[in-house]
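Working notes, beginning with the structure itself.
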Amino acid sequence: SDEDKQKILDRCNEVIGWLDKNQTAERDEYEHQQKELEKVCNPIITKLYQSAGG
């Protein structure tokens with residue numbers, strides 16, 4: 001849905017902004033950002049696959 005698409009785009013933009021400001025961050029900080037992004041994206045991606053008959 002458009003709402004799901006916007007959620008993913010918003011979160012991606014937040015993470016990109018964080019990456020731009022934290023280029024010297026530690027590995028665990030990067031992994032935390034990745035996990036937070038996955039929390040938003042994974043349920044939406046799963047829903048897409050299910051609706052496509054996957």
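The values are calculated or read from the model by the stated rules, or taken from the named source; none is laboratory data. From a predicted model like this one, the values you see are computed outputs, not experimental measurements. Positions of Cβ are generated from backbone atoms using ideal geometry, with glycine treated the same way; all protein chains shown enter the neighbour counts.
Mind checking whether some residue in segment 11-19 is polar (S, T, N, Q) and surrounded by 10 or more Cβ atoms within 10 Å (Cβ to Cβ)? Yes, segment 11-19 has at least one match. Taking first residues from segment 1-21 that are free of Cβ contacts under 8 Å to residues at least 40 places away in the same chain and partners that are not in a helix (DSSP H, G or I), the Cβ contacts under 9 Å between residues at least 6 apart in sequence or on separate chains come to 18/25; 19/25. In the set (1) part of a helix (DSSP H, G or I); (2) more than 9 Å from the chain's Cα centre (by Cα); (3) not aromatic (Phe, Trp, Tyr), the condition left unmet by residue 53 is number (1).
Evaluation of residue 24 against the conditions (1) part of a helix (DSSP H, G or I); (2) at pLDDT 95 or above shows that the sole unmet condition is (1).
Scanning segment 35-44 turns up no residue that is of a type in the set (Asp, Glu), exposed (fewer than 10 other Cβ atoms within 10 Å of the Cβ) and free of Cβ contacts under 8 Å to residues at least 24 places away in the same chain.
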